[in-house]
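Step one of this worksheet: look at the structure below.
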Amino acid sequence: MTSDTMFTATGRRKNAVARVFLRHGKGEFLINKRQMDEYLRREILMMLVRQPLIATNCLAKFNVAVNVRGGGLAGQAGAISHGIARALLKYDIALKPTLRKGHFLTRDPRMKERKKFGQKGARARFQWTKR
C-alpha cells in the first residue's frame with residue numbers, strides 16, 4: 001500500500017451519519033474541517049472517538065478526516081467511532097476479532113420513536129376524563 005492510500009467508511013448512530021477518511025499519518029483528527037477538541041469539546045466524546053484506534057494500536061498510524069451530519073454531539077461521536085472501525089476493517093481484515101470484541105462494528109439501532117396521531121407523544125396519551 002502506498003502512503004497516499006485512503007480508506008473510507010460510513011458510520012451511523014441515531015440520526016447522525018459520519019463519512020470517515022483514514023490516511024497514513026501521525027494521528028491527526030479533523031471533524032468537519034475543525035480540530036477534534038474544538039468540535040467535540042468533551043473529553044468523554046473524544047475518548048469514545050479514539051477507542052477503535054486505541055484497541056487496534058493504530059492511533060499514531062492514521063490521520064482521520066470526518067464529515068458528520070445530523071443528531072447531537074454524542075450521536076455524532078458514536079457515528080464517527082463506528083465509521084473508524086469500519087474503515088480499519090478495510091485497512092486490515094485481521095483486526096475484525098478485536099473490533100468485534102470491543103463492539104465497535106455493531107451499529108447502535110436505538111432511534112427516537114415517532115409520535116403517533118391521536119396521542120401527545122410516542123407513548124404519552126392525552127389525559128382521559130369521563131365528561
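Where a number appears in this text, it was derived from the coordinates with a stated rule and is not lab data. What you see is a predicted model, and the numbers here were worked out from it, not measured in a lab. Quick reminder, even Gly has a Cβ in these numbers, built from the backbone with ideal geometry, and neighbours come from all protein chains shown.
Some observations on this one:
- Classification of the range 6-101 by its C-alpha gyration tensor yields a prolate form. The axis ratio a/c (a ≥ b ≥ c) is 1.5 or more, and a/b outweighs b/c.
- Two-site label geometry, Thr98 and Lys112: point separation in nm, points 7 Å out along Cα→Cβ: 3.7
- Taking chymotrypsin sites (Phe, Trp or Tyr not before Pro) across the range 66-126, the ones in a DSSP loop with at most 14 further Cβ atoms lying within 10 angstrom of their Cβ are Phe117, Phe126.
- For the range 100-131, backbone nitrogen atoms closer than 18 Å to the point 7 Å from Met47 Cα along Cα-to-C-beta are found at 102-104.
- Centre-to-centre, using Cα atoms only, the range 62-76 and the range 91-111 are separated by 17 Å.
- Panel order for Leu48, Leu22, Leu95, by other beta carbons found within 10 Å of each beta carbon, from fewest to most: Leu48, Leu95, Leu22.
- Residue-averaged 222 nm ellipticity for the chain, from DSSP H runs of 4+ at -39500 (n - 2.57), nearest 500: -10000 deg cm²/dmol
- Against the main long axis of the alpha-carbon atoms of the chain, helix 73-91 sits at an angle near 40°.
- Take every pair of alpha-carbon atoms less than 8 Å apart whose residues are at least six positions apart; their mean separation over the length of the chain yields a relative contact order of 31 percent.
- Phi to ³J(HN,Hα) by Karplus 6.51 cos²θ - 1.76 cosθ + 1.60 over the range 12-18, Hz, x for Gly, Pro: 9, 7, 6, 9, 8, 10, 10
- Cβ-derived FRET efficiency at R0 25 Å, Thr8 paired with Arg34, nearest 0.05: 0.80
- Ranking of His103, His82 by count of other Cβ atoms within 10 Å, fewest first: His103, His82
- When the chain is treated as a Gaussian network with alpha carbon springs shorter than 10 Å, the biggest mean-square fluctuation among Arg12, Arg114, Arg23 belongs to Arg114.
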